[in-house]
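All of the numbers you see were taken from the coordinates with simple rules; none came from a lab. In this text the structure is predicted, and so the values were computed from the model without any measurement. As a convention, Cβ positions derive from the backbone with ideal geometry for all residues, glycine included, and neighbour counts pool all protein chains shown.
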Amino acid sequence: MLNRRHYLAELEPAVREALVPSLLEGLPHTMRDGATEKAVLNGFLEDRIPGIVCRPTRPCGEGQGQLGFAFPERIDQQRVRSSLIVDADQVSGFLSPYEVMDRAVRQSPPTHPGLVSIAGLGERFGVRLGLLGSAALAAVTGLAYVRPDSDLDILVDAGHGGDIEAFYQAVSSLSGELGLSVDAEMEINSCLGVKLKEYFSEAREILVKTIYDVSLVDREKLCVSSGVPMFEKHRLGGVTGECKKSPQNQPSN
């Protein structure tokens, strides 16, 4: 699971203690004052804030992956963040964005003011949604990550089906009416990430994210095994693609 973007990773207390030096080393230099480090250690050791599986920014060995950590604290509007490399056996469990969403919609009050409305649209159009970002961390930890102006970050499962285009249009309309900023990404083949706004645009190239890189992909070369249609003039035949680590096997090449 260390190759699945957006998954939350849990660490046992003993592992957390051992990783403290790496966590502090991963803080930006502008966030290494005593008060910030104290808050980070409290969130990491006491609140047991989970790590977020993310694209490695430093070398990883076999069976390793990178976790990003985001904390409720901000400095000059910038979220306090760190990252570190972990071994697979240091992770005690994972939580998918879809499991986080299932948990969040049962909470009262909701962790984000737009969550109930967006979840309702997902149910209406048969679209499986995952929860990301601040709202996800708030749902899992109970900490004050979400502010009134916070974006709502969601993940759409292309493989689940449903009317994703109608969902996107409904979300766009609702966002305008409520002044709500929704950042929606579609997950394809469990390894590709594409912004819904780009996917349903007329752009010739689309930014595609994987756990290994970010690439601009020609629309006609983007393989979508889910059968999710684009606007009529851009529809493609669905073919199955597979994500592999070596660059020559990425769908962007």
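For the chain, take the longest principal axis of its alpha carbons; what is the angle in degrees between that and the long axis of helix 164-178, to the nearest 10 within 0 to 90? Approximately 60 degrees, to the nearest 10.
Its relative contact order, with pairs defined as Cα atoms under 8 Å and 6+ residues apart, puts the chain at 15 percent. Taking only the Cα atoms of segment 8-95, the radius of gyration and Dmax are 12.4, 38 Å.
Axis angle, to the nearest 10 degrees, between helix 13-25 and the longest C-alpha principal axis of the chain: 80 degrees. Distant-in-sequence amide contacts of Lys195, defined by a placed amide H-H separation under 5 Å and a gap of 5 or more residues or a different chain, comprise Met186.
Here the label points at Arg58 and Asp76, each 7 Å from Cα along the C-beta direction, are separated by 2.3 nm in the simple model.
Assuming a viscosity of 0.890 mPa s and a temperature of 25 °C, what translational diffusion coefficient in µm² per second does Stokes-Einstein assign to the chain, Rh being the Kirkwood radius over Cα pairs? Please report the intermediate quantities before stating the final value.
Details: Rh = 19.3 Å.
Result for D is 127 µm²/s.
Dividing the summed -39500 (n - 2.57) terms of all DSSP H runs of n ≥ 4 by the residue count of the chain sets its mean residue ellipticity at 222 nm at -7500 deg cm²/dmol. Taking Lys and Arg as +1 and Asp and Glu as -1, the other residues whose beta-carbon sits under 14 Å from that of Leu41 total -3.
Taking amide hydrogens as placed 1.01 Å from N in the peptide plane, the amide H of Tyr7 sits under 5 Å from those of Val53, each at least 5 positions away in sequence or on another chain.
Comparing mean-square fluctuations of Ala35, Ala70, Ala144 from a GNM of the chain with C-alpha springs under 10 Å, the top value falls on Ala35.
Separation of segment 30-44 and segment 69-110, taken as the distance between their Cα centroids, equals 17 angstrom. Between segment 164-195 and segment 119-140, the C-alpha centres lie 11 angstrom from each other. Packing, as the average of other Cβ atoms within 10 Å across residues, places the peptides 15-23, 55-63 in the order 15-23, 55-63, highest first.
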